[in-house]
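In what follows, a structure is listed as structure tokens, so that the remarks can point back to it.
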Amino acid sequence: MERFRMEDFAKKLEEMEQNPQIQKLKQFPQHDGNNTFQHCHNVAVYSFYLAQRLQWDIDVESLVMGAMLHDYYLYDARNCELTNYQHCVSHPKTAVKNASKCFALNEKTKNIIRSHMWPMPFVERPRSKEAVLVNMADKYCAYQEMHKGIQKVEDMIPNQRRVLVPGCSH
């Protein structure tokens, strides 16, 4: 079962990453050297890694979609009229609005996106295992990217098989 889930994860991640709408995320800088595409990839990979470590049975499609779309706000946060705080509390709603125009989102995926910054804002809490995983992974990856200069979270996962990353060989 785990092998199937890993293959399912890799297939869905590759499908999302090849989507032209997701490719747009490469033009927006994020976290000191990464772009939004790479950050979302990191969050997806680390969310799945956490699910494996915790041995949680998850909805892989919702997890990957929520992780890859959690920062689908489509602007450069460093050059916008919002304060850092305003961006932090408003971008999840903007991401859901933008993603809903391009992707069929179920309620679980919408909650993953809306709640990824919880407890900021406090009102939109994670309501599924997948939302909790993305919430935790987003904070971990942002820290690694900003404070340790990590670009690919795979480099931080001990003994992780490269099957998580489409196209990588063992």
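Quick note: the coordinates plus some simple rules give every number you see, no bench work behind them. Since we're looking at a predicted model, the values are computed, not measured. So basically every Cβ, Gly included, is an ideal-geometry build from the backbone, and we count neighbours across all protein chains shown.
Hey, in the GNM for the chain with a 10 angstrom Cα cutoff, which one of A131, A142, A104 fluctuates hardest? Looking only at A131, A142, A104, the biggest GNM fluctuation is shown by A104. Relative intensity of segment 72-117 on a log10 scale, I(q)/I(0) at q = 0.29 Å⁻¹, equals -1.05, per a Debye sum over C-alpha point scatterers of equal strength in the absence of solvent. Treating segment 28-110 as a set of equal point scatterers at the Cα positions, no solvent, please give the Debye-formula log₁₀ I(q)/I(0) at q = 0.13, 0.17 Å⁻¹. Log10 of I(q)/I(0), two decimals: -0.45, -0.74. Computed over neighbours whose Cβ is under 9 Å from that of E61, the net charge equals -1, Lys and Arg +1, Asp and Glu -1. Tabulate in residue order the Karplus-calculated ³J(HN,Hα) for segment 56-62, using 6.51 cos²θ - 1.76 cosθ + 1.60 with θ = phi - 60°, rounded to whole Hz; enter x for Gly and Pro. Per-residue couplings from phi come out as 8, 7, 10, 8, 4, 4, 5 Hz. Considered as an equivalent ellipsoid built on the Cα gyration tensor, segment 86-166 has semi-axes of 24, 16, 13 Å, the largest given first. Model label sites at N106 and K93, defined 7 Å from Cα along the beta-carbon direction, differ in position by 2.6 nm. Rounded to whole numbers, the Karplus 3J(HN,Hα) couplings from phi for segment 102-110 are 10, 9, 7, 9, 7, 5, 4, 5, 4 Hz, using 6.51 cos²θ - 1.76 cosθ + 1.60 with θ = phi - 60°, and x at Gly and Pro.
As a proxy for reagent exposure, Y85, Y75 were ordered by neighbouring Cβ count within 10 angstrom, fewest first; the result is Y85, Y75.
Computed from backbone phi with θ = phi - 60° and the Karplus coefficients 6.51, -1.76 and 1.60, the 3J(HN,Hα) list for segment 37-52 is 4, 5, 4, 5, 4, 4, 5, 4, 4, 5, 4, 5, 4, 4, 4, 5 Hz; x is used for glycine and proline.
Loop sites by DSSP among the trypsin sites (Lys or Arg not before Pro) of the chain, restricted to those with at most 12 other Cβ atoms within 10 angstrom, leave 1-147 as the longest stretch without any of them. Here Y85 and W56 are evaluated by their C-beta separation; at R0 = 25 Å the FRET efficiency comes out at 0.20. Between E61, E15, E145, the residue with the greatest mean-square fluctuation in the GNM of the chain (Cα pairs under 10 Å linked by springs) is E15. Under a 5 Å amide H cut-off, with hydrogens placed 1.01 Å from N, Q30 pairs with N35, T36 among residues at least 5 apart or on other chains.
For segment 123-145 and segment 26-50, what is the separation of their Cα centres, given in Å? So the two Cα centres are separated by 13 Å. Placing one equal scatterer on every Cα of the chain and applying the Debye formula, the log10 ratio I(q)/I(0) at q = 0.08, 0.11, 0.15 Å⁻¹ is -0.21, -0.40, -0.77. For the chain, adding -39500 (n - 2.57) for each run of n ≥ 4 DSSP H residues and dividing by the number of residues yields -18500 deg cm²/dmol at 222 nm.
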